[in-house]
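Any read-out appearing in this document is the output of simple, stated calculations on the displayed coordinates, not a laboratory observation. Predicted, not measured: the structure shown is a model, and the values here were computed from it. When we count neighbours, we look across all protein chains shown, and the Cβ atoms used for this are built from the backbone with ideal geometry, even at glycine.
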Amino acid sequence: MIEIFNVTVHIGSRKVLDSVSLRIDKGEFVYLVGKTGAGKTTLLRLIYMDLFPQRGNVIIDRFSSSTIRRRQIPYLRRKVGVVFQDFKLLTDRNVYDNVAFALQVVGEHRREIKSRVLSVLTRVGLHHKRYHMPQSLSGGEQQRVVIARALVNEPFILLADEPTGNLDPEASSDILELLEDINRSGTAILMATHNYQLIRKFPHRTLMLEEGRLQELPLEEA
Amino acid sequence: MRIIFIVREGLQGFKRAPLATTIAMVAIALALFLVGLFGLSVYNLTDLFQRFYQTVHLEVFIDPSLVEAQRSALQSRIRRIPAVERVWYVPPDKALQEFEEEFGEDLITVLKRNPLPPSFRVVLKKEFRDLPTVETIVKQLQSFPEVDEVVFQRELVRFFQKYFKLALAIALVLGTLVLLISILLVFNTIRLTIHGRRNLIEIMRLVGATNFFIKGPFMVEGIVQGMIGGAVACGWLWALVDLAQLFISETIGRPPHFYPLLIGFGIVMGFLGSWLSVNKYLKV
């Protein structure tokens, strides 16, 4: 569960978020919309605690932004999967190793890594391409690898920052179908996007950031 | 599993970024070569100075009329001076022989007699060989009634002392400079190789790797780079010392544990360079 209380964030002299409050329950699917620079990425960074608010409090699972210690942050991040528009894959290793990497760096055992990586690659439909290098995959496939990497630690929420930003409409729909499938199995999704077509096609709760303030949009308006 | 992963990932860095890691190793080798070259120069200069000082001694000319008992008594008194390391008697005929060997002149033929008085040679302990102390001891010896005169290579000592200190001061300044430049060169190169892989660090942070796990592979890589760079520098210096012994002087040497120390320094530089560079990317 995610709770954000009255959070204000300044970056430089600019107030990016202004008294924002938000609650996302277990297993929810939420869109976050707003113009470029409206603070969507800032809000996501607050959740994986890459950024701390000047005012207010962010509570993620059992961690609170006001009391968390630096060395606890990695443990929070294992419960929060993050997916970016620009993929951030390691081009010096294949699909399998890219996903396995997320488990290797948290010290998982080899046998456990193998079974979990193969299972998550099956889930995103890339089991057959596990020995391919990321550069040889299409944009949609690369994004699936990133999603697999974010999922392999079994997070309770997946944060997706414009995950379809670099994809064509068809690949975008495929990614959305995959995210809905993941959501149905209990993982909450918070997806920042400005692709309103996609929201209309796959309607869910939608929040809008505008001039630092957050407001809930009725389903039909999104 | 954790340690195996860290070591393997660290070693694979060489395969994944061969150019960057090679450049880092060459930088370390060059830096250590400079530092080592400098160390060798200072060591050999000091060694030369020490060896010169071994030859510095006092000549204490004594009253030729002393009988043997008086002479031994005087020798014992000189030996009891705390600054004295060794003292031995040089009879006139031995002094004459040395004179003739050194200057090639036959004094007896010219003068018809041996003009050289009996003397003691006095070698001072290492810590009493600076000029003011030597002067004090000379005065003390001259106060003995049986002593006629005390001579030593005053100008030579003064010259060496003055220029040795100057050389040491220059060496200190140059050495600090060489060291700083070397450290900067190495740190900067390592920083660049790590900057090239900031993506890797970012992903590790995102998926919840602890700082230990993020730093570990880079530390391993830094240590191995330092070790290899150090070994290469040692190879260069080894060859250089051999050539110098062949063409300049056989007395040119290396300080004890020179090569292990150099490799150790390389390891420390590689480790610290990686540590500081990775830390830069770990700040929230």
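Which Cα, out of A:Ile182, B:Val123, B:Gln153, lies furthest along the positive dipole direction of the protein assembly as shown (beta carbon charges, K/R +1, D/E -1)?
So the residue we want is A:Ile182.
Within straight cross-link reach of B:Lys139, meaning Cα distance under 24 Å, which lysines are found once same-chain residues fewer than 8 apart are removed?
Within the straight-line limit of under 24 Å, B:Lys139 reaches these lysines: B:Lys125, B:Lys126, B:Lys162.
Check which residues have an amide H placed less than 5 Å from A:Val83's amide H, if you skip close sequence neighbours.
Amide H to amide H, under 5 Å and 5 or more residues apart or across chains, A:Val83 pairs with A:Leu159, A:Ala160, A:Asp161.
Amide H to amide H, which residues 5 or more places from B:Glu149 or on other chains are under 5 Å from it, using H placed in the peptide plane?
For B:Glu149, whose amide H was placed from the backbone, the distant partners under 5 Å are B:Phe61.
Excluding residues on the same chain fewer than 8 positions from B:Lys112, give the aspartates and glutamates whose Cα lies under 17 Å from its Cα.
In chain and number order, the partners are B:Asp93, B:Glu100.
With an 8 Å Cα cut-off and a minimum separation of 6 or more residues, compute the relative contact order for chain A in percent.
29
Does the range A:87-153 come out rounded, prolate or oblate by the C-alpha gyration tensor, with a ≥ b ≥ c the root eigenvalues, rounded set by a/c under 1.5 and, if not, prolate when a/b is larger than b/c and oblate if not?
prolate
Taking a quarter of the surface of the convex hull around the Cα atoms of the range B:57-152, what do you get in nm²?
Computing the convex hull of the Cα atoms and averaging its projections yields 6.5 nm².
In whole percent, what relative contact order does chain B give with Cα contacts below 8 Å and a gap of six or more residues?
32
Could you work out the pair-distance distribution P(r) of the protein assembly as shown from its alpha-carbon pairs, with 10 angstrom bin width and percents rounded to whole numbers?
3, 14, 17, 14, 11, 8, 7, 7, 6, 6, 4, 1, 0, 0
Only helices at least 30 Å long along their axis, Cα-based, and averaging 0.0 or more on Kyte-Doolittle count here, so list those DSSP H runs from chain B.
Correct list, ordered by number: B:18-55, B:154-195, B:211-247, B:258-282.
Treat each spin label as a single point 7 Å out from the Cα along the C-beta direction, and report the B:Glu146 to B:Leu192 distance in nm.
Rounded to a tenth, the inter-label distance reads 7.4 nm.
Taking R0 as 51 Å, what FRET efficiency do you get between B:Arg2 and B:Leu156 from their Cβ-Cβ distance, rounded to the nearest 0.05?
FRET efficiency, B:Arg2 to B:Leu156: 0.20.
Which value in nm describes the separation of the simple spin-label points at B:Gln70 and B:Leu184, placed 7 Å from the Cα toward the beta carbon?
The modelled label-to-label distance comes out at 7.0 nm.
For the range A:87-153, give the magnitude of the charge dipole about the Cα centre (Cβ charges: +1 Lys/Arg, -1 Asp/Glu; no others), in debye to the nearest 20.
That gives a dipole near 140 debye.
For the range B:126-284, with the dipole built from +1 on Lys and Arg beta-carbon atoms and -1 on Asp and Glu ones, taken about the Cα centre, which of B:Leu200, B:Asn188, B:Met227 lies farthest toward the positive end?
B:Leu200
Please count, across chain A, the pairs of lysine residues with Cα atoms under 22 Å apart that sit 8 or more places apart or on different chains.
Total qualifying Lys-Lys pairs in chain A comes to 13.
What are the equivalent ellipsoid semi-axes of chain B, built from the alpha-carbon gyration tensor (square roots of five times its eigenvalues), in whole angstrom, biggest first?
Semi-axes from the Cα gyration tensor: 64, 19, 14 Å.
5 Å is the cut-off here: which amide hydrogens, built 1.01 Å from N in the peptide plane, fall below it relative to B:Val90, excluding neighbours closer than 5 in sequence?
Excluding prolines and chain starts, which carry no amide H, the hits are B:Ser119, B:Phe120, B:Arg121.
Answer with one residue from A:Val152, A:Gln142, B:Val268: the one whose Cα lies farthest towards the positive end of the charge dipole of the protein assembly as shown, charges on Cβ with Lys, Arg +1 and Asp, Glu -1.
Looking along the dipole axis, the top candidate is A:Val152.
Can you tell me how chain A classifies by the Cα gyration tensor, rounded, prolate or oblate, using a/c under 1.5 as the rounded cut?
oblate
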